[in-house]
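The values are calculated or read from the model by the stated rules, or taken from the named source; none is laboratory data. Note that this is a predicted model, so its numbers are computed, not measured. Glycine gets a Cβ as well: all are built from the backbone with ideal geometry, and neighbour counts include every protein chain shown.
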Amino acid sequence: MKVVTLKALPREPGGSSEARRTRHAGRVPAVVYGEGDVPSHIMLETSTFRRAVENGARVIDLDIDGGGATRVLLKDLQYDALGAKLLHADFLRLSADRAIELAVPLELFGTPAGVQQGGILTMLSGTVALRCLPGDIPENITVDVTGLELGSSIKAGDLALPENVGLAEDADEVLLSVTVPRGLKDSDEGDDEDDAEGEGAEGDDAAKDAESDG
């Protein structure tokens, strides 16, 4: 996974008033924790940090006040009630030799055969939970959906994972499926009924012919 370097400044821990002042100054309050160390209270420049998040940054080298890079995982983001304003961020310190669990996005390619037959591709989850060392975190997991027929699905255990990367969720968890639209299903059922009625009519005609011959 691509690692982004961001600059941060230390801040004094405080309540909501301190956090509001930080945001008013154009910065996002955040906390760095983990690896048995005391939490560090920091702040990042809002526009730069938001741009990194929107570009998919997850693993970040934080340069806190020029003191050298600390590699962290973006663990949580808090937004306002409208989901527009970034309020707070949580970072987890990473150790190069300690595995972590995280959600990695799925990247689909191809057109499912079932979609070409009139079905609908439904993504039940856009991510998959994986476990690996920080240095082995994949940027995404590619999924070839061309073989998905009507009524078929792809489960977490069906994914092809990179070397040294393991699944951290139920292998039977359904991630993608191609469903049959109600209109298409009703149409198929109607065709079946028409076929049955046609076969019944043919049988009645044959019975009448037999009676007349008798």
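Report, by residue number, each residue of region 101-122 that is in contact (Cβ under 8 Å) with a residue 60 or more places away in the chain, in a loop (DSSP other than H, G, I, E, B) and of a type outside the set (Gly, Ala, Ser).
Scanning region 101-122 gives a single hit, 112.
Contact list please: Cβ distance under 8 Å, first residue in region 89-100 and touching a residue at least 60 places away in the same chain (Cβ under 8 Å) and closer than 7 Å to residue 72 by Cα, second residue acidic (Asp, Glu) and not in a loop (DSSP other than H, G, I, E, B), pairs at least six apart or on different chains.
These pairs meet every condition: 93/37.
What number of residues within region 1-10 satisfy the criterion of being under 27 Å from the mean Cα position of the chain (by Cα) and either buried (at least 16 other Cβ atoms within 10 Å of the Cβ) or assigned to a helix (DSSP H, G or I) (or both)?
Residues in region 1-10 being under 27 Å from the mean Cα position of the chain (by Cα) and either buried (at least 16 other Cβ atoms within 10 Å of the Cβ) or assigned to a helix (DSSP H, G or I) (or both): 3 in total.
Could you please find all residues in region 122-147 being more than 15 Å from the chain's Cα centre (by Cα), modelled with pLDDT of 95 or more and aliphatic (A, V, I, L, M)?
Result: 145, single match.
If I ask for residues that are farther than 17 Å from residue 111 by Cα and either within 17 Å of the chain's Cα centre (by Cα) or aliphatic (A, V, I, L, M) (or both), which ones from region 163-178 would you list? Please lay out each step first, then the result.
We begin by selecting, within region 163-178, every residue farther than 17 Å from residue 111 by Cα; these are 163-174.
Matches in region 163-178: 165, 166, 167, 168, 169, 170, 171, 172, 173, 174.
Here is a list of conditions, (1) under 27 Å from residue 135 (Cβ atoms); (2) small (Gly, Ala, Ser); (3) assigned to a helix (DSSP H, G or I), and residue 30 meets all of them except one; can you say which number that is?
(3)
Of the conditions (1) surrounded by fewer than 14 Cβ atoms within 10 Å (Cβ to Cβ); (2) modelled with pLDDT under 95, residue 107 fails just one. Which one is it?
(2)
Listed residues 95, 40, 125, 47; which is assigned to a loop (DSSP other than H, G, I, E, B) and more than 30 Å from residue 149 (Cα to Cα)? Lay out the reasoning, then the answer.
Working: 40 fails: assigned to a loop (DSSP other than H, G, I, E, B); 125 fails: more than 30 Å from residue 149 (Cα to Cα); 47 fails: assigned to a loop (DSSP other than H, G, I, E, B).
Just a single option satisfies the conditions, and that option is 95.
Restricting attention to region 11-22, does a residue exist that is touching a helix residue (DSSP H, G or I) at 6+ places or on another chain (Cβ under 8 Å) and in a strand (DSSP E or B)?
Scanning region 11-22, I find no residue that is touching a helix residue (DSSP H, G or I) at 6+ places or on another chain (Cβ under 8 Å) and in a strand (DSSP E or B), so the answer is no.
If you take the residues in region 45-67 that are touching a helix residue (DSSP H, G or I) at 6+ places or on another chain (Cβ under 9 Å) and not small (Gly, Ala, Ser), which one is surrounded by the fewest Cβ atoms within 10 Å (Cβ to Cβ)?
46
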